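No value in this document is a laboratory result; all are computed from the given coordinates. If you're wondering where the values come from, they're calculated on a predicted model, not measured in any experiment. A quick note on method: Cβ atoms are made from the backbone with ideal geometry, for glycine too, and the neighbour counts reach across all protein chains shown.
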There are 2 protein chains.
Amino acid sequence: MALVVQKFGGSSVANPRLIKRVAARVVAQKKRGDDVVVVVSAIGDTTDDLIQLSRQITKNPLEREMDMLISTGEQVTIALLAMAIHQLGVEAISFTGAQVGILTDSSYTKAKILDIHSKRIEEELKKGRIVIVAGFQGMTLNQDITTLGRGGSDLTAVALAKVLRAKICEIYTDVDGVYTADPRIEKRARKLDRVSYDEMLELASLGAQVMQGRSMEVAKKFEVPLHIRSSFSNRPGTMIMKEVKAMEDIVVSGVTVNKAEAKVTLRGVPDRPGVAAKIFKEIAASNVNIDMIIQNVSRTGTTDVSFTVPQGDLRKTLEISRRVARKIGAEQVTYADDIAKVSVVGVGMRSHSGIAAKMFAALAAKRINIEMISTSEIKISCVIQRRFAERALRAVHQAFGLHALKG
Amino acid sequence: MALVVQKFGGSSVANPRLIKRVAARVVAQKKRGDDVVVVVSAIGDTTDDLIQLSRQITKNPLEREMDMLISTGEQVTIALLAMAIHQLGVEAISFTGAQVGILTDSSYTKAKILDIHSKRIEEELKKGRIVIVAGFQGMTLNQDITTLGRGGSDLTAVALAKVLRAKICEIYTDVDGVYTADPRIEKRARKLDRVSYDEMLELASLGAQVMQGRSMEVAKKFEVPLHIRSSFSNRPGTMIMKEVKAMEDIVVSGVTVNKAEAKVTLRGVPDRPGVAAKIFKEIAASNVNIDMIIQNVSRTGTTDVSFTVPQGDLRKTLEISRRVARKIGAEQVTYADDIAKVSVVGVGMRSHSGIAAKMFAALAAKRINIEMISTSEIKISCVIQRRFAERALRAVHQAFGLHALKG
């Protein structure tokens, strides 16, 4: 008998009617002969509501108490889902993260999973029961409740699939898979049947909101096969797996656009060893996530260093940058917050030349100027002006022939 | 340094403003130099809201899952209270029932406390922190979450006060103490400064809603000193303690009225040994709580047996009684559901004669007929017609001189 892990997000369990629908789907899987472990998030906006409640008490809540508070959201869902499954005549039992031994470190609100003691789950599966686990939460060795941060329920599902050696980890969501581009921008975007872990990692970090990068990294590391699919239909979604032979004729899997970043440039930076380290060490210390970093070849003994950061961190980043600029003798700090980043992702580009050229040509044909370029083995990103974002995405999507045939 | 356990009910923490007020009160106690353990209930109507939510899933929820669901209510309160206390610059830490090792049996929705492993609480108190514990909940040896049933938060507070050897267990509520009668019925009712455990037990079981009988029994057994007081004022409330010398000049502590019962009579019951046992064994097996039982002296070889039960159990009780009546050869079963029970309670009556006579005279003066009488060492109860309930309470209250001097 094989084991399936199914994860349902907040929008899939947003009300009692939907919870009953999830129950029916889980029971159907069980009746097909599989063991089933279900991971669920908090109902709809519960987590936000709880955060709002805490704001009425204090603007600076203790993180340990924040986790104590918001972990109740998933606990409500697991109990209701267990009741709904039982109502269908099938045995089910619910567990909090603490109860199934999801051990984490004590970095509250963004804890890391250290280990999972899956004994209790295995015992209950042996009794023929469907096991329901609260996503997003765990406990420290000291039995304090923690939460795993954004996308934490995905992480719970992937980690359980790994330790329980599930044949598949199904991630149910409100879209029916991974697309070659955001269908809200590019109507002719095509659903991908398969995509590799690496591509999904890039797609996630580039702003495709289907799955958090952290869960993808764990899935990749332990080769947990994932199936991203809709909780509102029975159609297959997108399989995420190790690269396979058949993928090689697909050069580019998708195009993404990210409009949530700002660009900072330190001009006239003395071109000496250790300068870059100095800049980015100070910024990292303030917990700002830097994305692209570009440094051009020096010509005059000084160079320009540009990088992008989330817009919300721009003010803080500028303060630090100006301080560092004075310290290292850079000339000035400039910034732009009206940028967008368009990227193409595909494992196929490793063995295909001319991908970058094709992308640049597509942008040029639409008279869109490229301000920064950065490339990795499976990704090319261009920073452009924000007002051209949608036009750029459509142009690149077209250039790589990603449109659906009947689109 | 002495330890104080403070318990705040749902109405005392009904919104963020009130939670902040509780925080201020707890911090004031701490600053007076005491160690403080706080037990809280779920916010206002949270528990009822969660039960309503479960009803939208199923009319017959699994009890284990019901406890999983409703235990989230207190967990929300403890987190918010910890944040509010921290906001006042004082260290506090919250715990679920499971985390502080409140071990119970596995009778879900009405679990019994088996033991409390108070090590974690003691450690945190030693660090100078205020410890906040979720009331109403515990866990089984198998780490399943349980709840303690009605009045469970009081029970948590009393049990913690016992194992931690608290100098006092303060029960904060929305009334400012225990009165000689329900002030909504008798405006001149007087607040009692002190009352004994036994009297409170009788008052609780007679319908004074201040505290559940179960918590009182535990408090009495372990002699935990209780202080019932208002969370909305700083005035002292009512101390509940072992009987003390000074109490002896108070003969009667209070008068209560209970309008939630019905009376059942088996007429013409053969007067043989074992018959009463047969009747009440069958009723007990159906989980109906019988209150008063009256059996008169037999004159003709048969007797009448009367008893009272909660009105909600009347139909079930009549069915059983009719079956038993046939079996034992009783003549007929009659009932009345328009009754009320008026009682006087006081440890003083043990050593004072004439209390019963005085009560009966007070009722007779108002032309109220007495249908049943039952007495214990510290209580006399009379069943009368329900429409006379308030009039009877006022008459008896007056007869024993319980009115407030300035009433």
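Couple of notes before you dig in:
- Distant-in-sequence amide contacts of residue B:115, defined by a placed amide H-H separation under 5 Å and a gap of 5 or more residues or a different chain, comprise B:103.
- In Hz, Karplus ³J(HN,Hα) per residue of region A:351-358 (6.51, -1.76, 1.60; θ = phi - 60°; x = Gly, Pro): 10, 10, 8, x, 5, 4, 4, 5
- Candidates A:396, A:36, A:305, ranked by Gaussian network fluctuation over chain A, Cα under 10 Å, top entry: A:305
- Under 13 Å from residue B:242, Cα to Cα: aspartates and glutamates that are on another chain or at least 8 residues apart: B:198, B:199, B:217, B:223
- Amide proton proximity set for residue B:173, modelled H, under 5 Å, gap of 5+: B:229, B:230, B:231
- The C-alpha atoms of chain A define a longest principal axis, and helix A:389-399 lies at about 80 degrees to it.
- Neighbour net charge for residue B:212 - beta-carbon separation under 14 angstrom, K R +1, D E -1: +3
- Counting, for every residue in B:24-30, the Cβ atoms of other protein chains within 10 Å of its Cβ and taking the mean gives 0.
- Largest GNM mean-square fluctuation across B:117, B:227, B:397, computed for chain B with C-alpha springs under 10 Å, falls on B:117.
- Closest Cβ on chain A to the rotation axis that carries it onto B (distance rounded to whole Å): A:72, 2
- Unit charges at the beta carbon, dipole of the protein assembly as shown: most positive-side option, B:137, A:156, B:66: B:66
- Computed over region A:3-174, the range of Cα coordinates on each principal axis works out to 49, 33, 23 Å, biggest value leading.
- Candidate lysines - alpha carbon under 22 Å from residue B:30, same-chain residues fewer than 8 apart omitted: B:7, B:20, B:119, B:126, B:127, B:162, B:167
- Note on chain A: with charges restricted to the Cβ of Lys and Arg (+1) and Asp and Glu (-1), its dipole about the Cα centre is near 820 debye.
- Scattering profile of chain B at q = 0.10 Å⁻¹ [log10 I(q)/I(0), Debye over alpha-carbon scatterers]: -0.77
- Whichever aspartates and glutamates have a C-alpha closer than 15 Å to that of residue A:259, once near sequence neighbours (fewer than 8 apart) are set aside: A:182, A:291, A:313, A:337, A:338, A:371, A:390
- Working note: Karplus 6.51/-1.76/1.60 with θ = phi - 60° gives region B:153-162 the couplings 5, 4, 4, 4, 5, 5, 5, 5, 4, 5 Hz, where Gly and Pro are set to x.
- Each residue of region B:268-281 was assigned a 3J(HN,Hα) from its phi angle through the Karplus curve 6.51 cos²θ - 1.76 cosθ + 1.60 (θ = phi - 60°); the sequence is x, 7, x, 8, 10, x, x, 5, 4, 4, 4, 4, 7, 5 Hz, with glycine and proline shown as x.
- Cα gyration tensor shape of region A:103-165, rounded if a/c is under 1.5, else prolate or oblate by comparing a/b with b/c: prolate
- Residue A:371 long-range amide H proximity, modeled H, under 5 Å: A:383, A:384
- Among A:109, A:308, A:334, the largest mean-square fluctuation in a Gaussian network model of chain A, built with springs joining Cα atoms closer than 10 Å, belongs to A:334.
- Applying D = kT/(6 pi eta Rh) to the protein assembly as shown, where Rh is the Kirkwood radius over alpha-carbon pairs, T corresponds to 10 °C and eta to 1.306 mPa s, the Stokes-Einstein value obtained is 51 µm²/s.
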